[in-house]
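*Asks:* Sharing a structure, written as structure tokens. Questions coming.
The values are calculated or read from the model by the stated rules, or taken from the named source; none is laboratory data. It should be emphasised that the depicted structure is a prediction, and the values quoted were computed from it without experimental measurement. For neighbour counting, all protein chains shown are included, and Cβ atoms are generated from backbone atoms with ideal geometry for every residue, glycine included. Surface accessibility is based on the protein's heavy atoms, side chains included, excluding ligands, DNA and RNA. Shrake-Rupley method; radii C 1.70, N 1.55, O 1.52, S 1.80 Å.
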Amino acid sequence: MSTVTEKLEGMDVWLYHGQIYIPNTYSAGAVGSKFLIELRDRKRIVGTRCPTCNRVYVPARSICKDCYSQLDEWVEVSNKGTLLTYTVCNQQNAIQPVEAPIVYGIIQLDGADTGFVHLLGEVDPEQLKVGMRVQAVFKKEREASILDIKYFKPLV
Amino acid sequence: MPNRVAIVGIGQTYHKSKRPDVSQPEMVAEAVRAALADAQLSIQDVEAVFSANMETFEAIYLPDHGMAAEVGAFGKPGFKVNTGGTTGGSVVAEGFYMVASGLFDIAMVIGFEKQDCGDTTAAITAAVTPIWGKGAATGAIGEFAKQALSYIETSGATEEHAAMIRLKADRNACRNPYAHLKLGLKSVDEILQSAYLVWPLRILDFCPQSCGACALIFASEQRAKKITKKPVWIADVEVVHQEPFRAGVFGDPTGKETYTQHVACERLYKRNGISNPRKDIDMAEIYEPSNWEEMNLYEHFHFCEKGEGWKLIEKGITEIEGEFPVNCSGGVIATNPIGATPVIRVAEAALQIRGDAGEHQAPKDIKTAIATALGGPNWTVLVLLKRSL
Ligand SMILES: [Zn+2]
């Protein structure tokens, strides 16, 4: 970490500039790991179903938010879905792993009861429409990351 | 039955994009001094101090460790909370719980954010769950652009309605000495010429990054009546949590998720015998990062029927002179020091009840007001205030 100081014009105050860099490790956990490994090895999008509420969570999760059931029933959902809303951001931020413009939205996959947030690609942002049908495009080289789905493209 | 709790002191800083003239603790002390002066109390009278700040936004970890003296917490109980956008609402709830429990007679709550220190958008972008959020996160602006689009699609509101909301906010902010953006906007057309930040959000459709702090002093019933002739009673508080990334964040496009606003209102209104919020409550100070979200929140808070939020501004109902004024202060779209923002909502609603809001006092008599907080995790905090219990 380097620090430089700056004397502010016209004021008797000093500004200290710095940058924080903190390495970290995050476990995807039991459910997250299974979801990501299914993506990597079989290009399958899977979720968990609550036996009490009959609700399918995608991304998968271990506990139902409504009834606190332990969720261990896995279901495969479609890699096709409906675009519920979207946005296009043109300004890049240093911590984003994809380049601007960042086109992303919320997709309800067929068979899921939840919204799934992901990138949109192979589409002119002007052509995007709420309600349009989209389909997942998987990367060739996959590494058990949510970005193993490259993006969702319009279904024609 | 909880003990009764009143707000007896209100203090805030002025708000600006940059405050290089003061450090974070010095800025916070300005609000604390103002609140003590308002209550005519000394810091020795305050038994416990609770603070609120989204520390990643400033990249200053544990800022409370460096400001015990400035917040008046030295040698006292209290701690800092951080719950995202609702941070300031959480600290109000916390202070309320503490005094209502009977553990403390006088407690102070403080919200603060000095956004000239860090990179708020980077911090929000980094706050997504690492497994699911990677890539598809762009900070608050992108989220509220999605919300705006969702609202357009489902409600029939137009950009003109959003512009009317923005015009209302600016007119009110121009009357508020503490507000940050005072633009002197003249017309809907002027707002519709503002450039798109992230479509359909224009630059004028979104809140600024402000530096500022706001402090409130809470007292038990017995003490409150001795401290001030104009106590503002905290009639009730409700807090409801949700998870953003799973729920698709704001706007619930699946139609199957629970809006925390609905749950919070249902509980709060029921407990307090509120059947028609627009009649039973006199005004609202709501947390609206964008004008589009304000229309959406009118619906969520049951100020109108679903899909009709835009009609309230079209009819002038939520103007300061209207039947049900919303954000007489100019709101969040004019001033957003994040950790302080929900505390300011409560402060401004309390000033309206006291009749001390000055130039931006609503003309109607405000006896009951609601203040709300909203956060990235789609959490809601509601605070119901009354002149008499
Ligand atoms: Zn369940």
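*Asks:* Scanning the stretch A:141-156 for residues that are under 18 Å from the mean Cα position of the chain (by Cα) and of a type outside the set (D, E, K, R), which turns out farthest from the other protein chains (Cβ to nearest Cβ)?
*Replies:* By that ranking, first place goes to A:154.
*Asks:* Then there's this: So which helices (runs of 4 or more DSSP H) are wholly in the stretch B:126-174 and hold at least 2 residues that are within 23 Å of the chain's Cα centre (by Cα) and either closer than 19 Å to residue B:287 by Cβ or hydroxyl-bearing (Ser, Thr, Tyr) (or both)?
*Replies:* Correct list: B:139-155, B:159-173.
*Asks:* Something else: Could you tell me whether residue A:138 is more than 10 Å from chain B (Cβ to nearest Cβ), of a type in the set (Phe, Trp, Tyr) and surrounded by 21 or more Cβ atoms within 10 Å (Cβ to Cβ)?
*Replies:* Answer is no for this residue.
*Asks:* Hey, can you tell me all the residues within the stretch A:99-135 that are part of a loop (DSSP other than H, G, I, E, B), closer than 22 Å to residue B:243 by Cβ, more than 7 Å from chain B (Cβ to nearest Cβ) and open to solvent by less than 20 Å² (accessible area, probe 1.4 Å)?
*Replies:* Of everything in the stretch A:99-135, just one residue is part of a loop (DSSP other than H, G, I, E, B), closer than 22 Å to residue B:243 by Cβ, more than 7 Å from chain B (Cβ to nearest Cβ) and open to solvent by less than 20 Å² (accessible area, probe 1.4 Å), namely A:112.
*Asks:* Also, I was wondering about something else. Report yes if residue B:179 is buried (at least 20 other Cβ atoms within 10 Å of the Cβ), part of a helix (DSSP H, G or I) and more than 14 Å from chain A (Cβ to nearest Cβ), otherwise no.
*Replies:* For residue B:179, the condition - buried (at least 20 other Cβ atoms within 10 Å of the Cβ), part of a helix (DSSP H, G or I) and more than 14 Å from chain A (Cβ to nearest Cβ) - is not met.
*Asks:* Residues to consider are B:99, B:109, B:92; find the one that is outside any helix (DSSP H, G or I) and among the β-branched types (Val, Ile, Thr).
*Replies:* B:109
*Asks:* Would you mind stating whether residue A:15 is more than 16 Å from the ligand (Cβ to nearest atom), among the aliphatic types (A, V, I, L, M) and within 18 Å of the chain's Cα centre (by Cα)?
*Replies:* no
*Asks:* In this structure, is residue B:249 open to solvent by less than 50 Å² (accessible area, probe 1.4 Å) and modelled with pLDDT under 95? Can you show your working first?
*Replies:* On the way: open to solvent by less than 50 Å² (accessible area, probe 1.4 Å): yes; modelled with pLDDT under 95: yes.
So residue B:249 passes the test.
*Asks:* Within the stretch A:35-58, can you find the residues that are outside any strand (DSSP E or B), within 16 Å of the ligand (Cβ to nearest atom) and open to solvent by less than 40 Å² (accessible area, probe 1.4 Å)? Give the steps one after another, and end with the answer.
*Replies:* Of all residues in the stretch A:35-58, those outside any strand (DSSP E or B) come to A:35-44, A:51-54, A:58.
Narrowing further to those that are within 16 Å of the ligand (Cβ to nearest atom): A:51-54, A:58.
Correct list: A:58 only.
*Asks:* Residues of the stretch A:62-74 being within 11 Å of the ligand (Cβ to nearest atom) and either assigned to a loop (DSSP other than H, G, I, E, B) or at positive phi (or both), which ones?
*Replies:* Matches in the stretch A:62-74: A:64, A:65, A:66, A:67, A:68, A:69, A:71.
*Asks:* Could we say that residue A:21 is away from chain B (no Cβ under 12 Å) and assigned to a loop (DSSP other than H, G, I, E, B) here?
*Replies:* Considered against the rule, which asks whether it is away from chain B (no Cβ under 12 Å) and assigned to a loop (DSSP other than H, G, I, E, B), residue A:21 comes out as no.
*Asks:* Also, quick follow-up: Cβ-Cβ below 6 Å, separation at least six or inter-chain, first residue in the stretch A:43-69 and within 11 Å of another protein chain (Cβ to nearest Cβ), second open to solvent by 70 Å² or more (accessible area, probe 1.4 Å) and part of a loop (DSSP other than H, G, I, E, B): which pairs?
*Replies:* Short answer, once both residue conditions are applied: A:53/A:66.
*Asks:* Would it be correct to say that residue B:42 is open to solvent by 40 Å² or more (accessible area, probe 1.4 Å), closer than 20 Å to residue B:336 by Cα, away from chain A (no Cβ under 14 Å) and at pLDDT 95 or above?
*Replies:* no
*Asks:* Do you know which residues across the stretch B:82-132 are surrounded by 23 or more Cβ atoms within 10 Å (Cβ to Cβ), more than 10 Å from chain A (Cβ to nearest Cβ) and aliphatic (A, V, I, L, M)?
*Replies:* Across the stretch B:82-132, the qualifying residues are B:91, B:92, B:93, B:99, B:107, B:108, B:109, B:110.
*Asks:* I've got another one for you. Determine whether the stretch A:75-98 contains at least one residue that is within 16 Å of the ligand (Cβ to nearest atom), more than 9 Å from every other protein chain (Cβ to nearest Cβ) and among the β-branched types (Val, Ile, Thr).
*Replies:* yes
*Asks:* Another question, then. When you scan the stretch A:59-71, how many residues do you find that are under 17 Å from residue A:115 (Cα atoms) and surrounded by 20 or more Cβ atoms within 10 Å (Cβ to Cβ)?
*Replies:* Adding up the residues that qualify gives 3.
Results for (1) under 25 Å from residue B:368 (Cα atoms); (2) touching a Ser or Thr at 6+ places or on another chain (Cβ under 6 Å), shown as yes or no for each residue.
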position	(1), (2)
B:5	yes, no
B:8	yes, yes
B:14	no, no
B:25	no, no
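*Asks:* If only one of B:76, B:18 is touching a residue at least 60 places away in the same chain (Cβ under 8 Å) and part of a loop (DSSP other than H, G, I, E, B), which one is it? Walk me through it before giving the result.
*Replies:* Working: B:76 fails: touching a residue at least 60 places away in the same chain (Cβ under 8 Å).
Testing whether each residue is touching a residue at least 60 places away in the same chain (Cβ under 8 Å) and part of a loop (DSSP other than H, G, I, E, B) leaves just B:18.
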